[in-house]
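What follows is a short report on a single structure.
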Amino acid sequence: MGTCELCRERPANKKNTHYLTDGIIRSCLNEDGSNAREKAMMFNISWNEDSIEAKFQRSTSTDAIARTYGREAKEEEIDEAKNVPFSVDYVFCSECEDIFTEIENKFIKDILPQLRGKDFTGRPEITLDDTFTVRKFFLLQVYRTAICDPDYQIDNALVEKLREIILGINNDIETLKSIPLNITYLNTVGADYEYTKNTVGVAVIENNKLILFNDFVIQVFDDIKNASFVDLWGINDRRDFKYFTNYCEERFRVKILDNKQRLQAWDNYHKERANKQVNFYRRTFAVSYIKQHHRPPAPGLVRTFIDAIINSDEFNNEPRYSTARFKKLQEKYLQVK
Ligand SMILES: [Zn+2]
């Protein structure tokens, strides 16, 4: 057993530490499995489209992909989803876990009710007075994710600063406010099922360290000089990006997407992922085909191959969008002259 990452003193004896607060992400992930398949893919999302491990799927048209989300999830896909609950074992100690819990409970008690369960239609922002509680909670997500998720790399100096903040050895309000932090609230209106339409995952896009956190989007920067606009499926707007990037603020500004804008943003997101994935399949297949046949594949063959990935029952003993199934299908369609 190693040493706890936070205190760096005690043994890391704690199992099942959620590095994204369970009470926030649970409504997005845990339900009857109807949405679990997509979440399962999300867990292994690679933002490098050249990676075969990117588990998002696609078809010749993005609409077709969107439709496959409606397919019944298979047992193993649900299991896969349940097995990756954004938690880790033996990274932190029990005492430090208590520190996490305290920060989380305060936010859930004092701040969350100002956001969840409300209808913000027509209201583009909310200002929160308790910037300390708000920041500490979101910076906790950033810190733990940076420690626990290899796909989420942030500057070492920032990790150390966050560590001291969370540990409470250097957490005066000015220190907290010196970290550029942009929070969007995706107003989720309706039954609990509505939350399953949100997403959980991480990415680093240019200088923007991004956490998709169910009905929250967290964007953090290691330096205000690096806090520049990136397009996020309509979540960010060039015109107000600076305004909503909190830095040495008096009160904390949260950008709000209302329910309709939220659904539009996720739709944009899925379509972008879909396009990238189709292009990835297409390119990978073409390269292998040319290697074998010394000429490019017929366009119809490429379409058939991609359609097989998305819609066919072939090799369905493997999860649909797994690398293993992709390779088997490719092997088969490479034989077509
Ligand atoms: Zn510890």
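The table that follows gives values for the structure above.
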read-out	value
Cleavage-rule hits, trypsin sites (Lys or Arg not before Pro), segment 234-269, DSSP coil, Cβ neighbours within 10 Å at most 15	Arg238, Arg239, Arg251
Fully extended contour minus Cα-Cα distance, from Thr175 to Asp223, at 0.36 nm per residue	16.0 nm
Amide proton proximity set for Thr199, modelled H, under 5 Å, gap of 5+	Asn214
Mean separation of Cα contacts under 8 Å (6+ apart) over length of segment 210-318, as relative contact order %	14 percent
Long pairs among Lys118/Lys177; Lys106/Lys136; Lys136/Lys177, criterion Cα-Cα beyond 20 Å	Lys118/Lys177
Segment Ile290-Glu95, length gained on full extension (0.36 nm per residue, minus Cα span)	64.4 nm
Peptides ranked, highest mean first, by Cβ atoms within 10 Å: ranges 193-206, 220-233, 137-150	137-150, 193-206, 220-233
In sequence order, calculated HN-Hα J values of segment 269-275 (Karplus, 6.51, -1.76, 1.60; Hz; x Gly/Pro)	4, 5, 5, 5, 4, 4, 4
Spatially proximal lysines relative to Lys332 (Cα-Cα < 28 Å; intrachain offsets below 8 disregarded)	Lys55, Lys74, Lys271, Lys276, Lys291
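Just so you know, all these numbers are worked out from the coordinates, no wet-lab data involved. Note that the coordinates shown come from a computational prediction; the quantities given were computed from them, not determined experimentally. Using ideal geometry, Cβ is built from the backbone for each residue, glycine included, and neighbour counts are taken over all protein chains shown.
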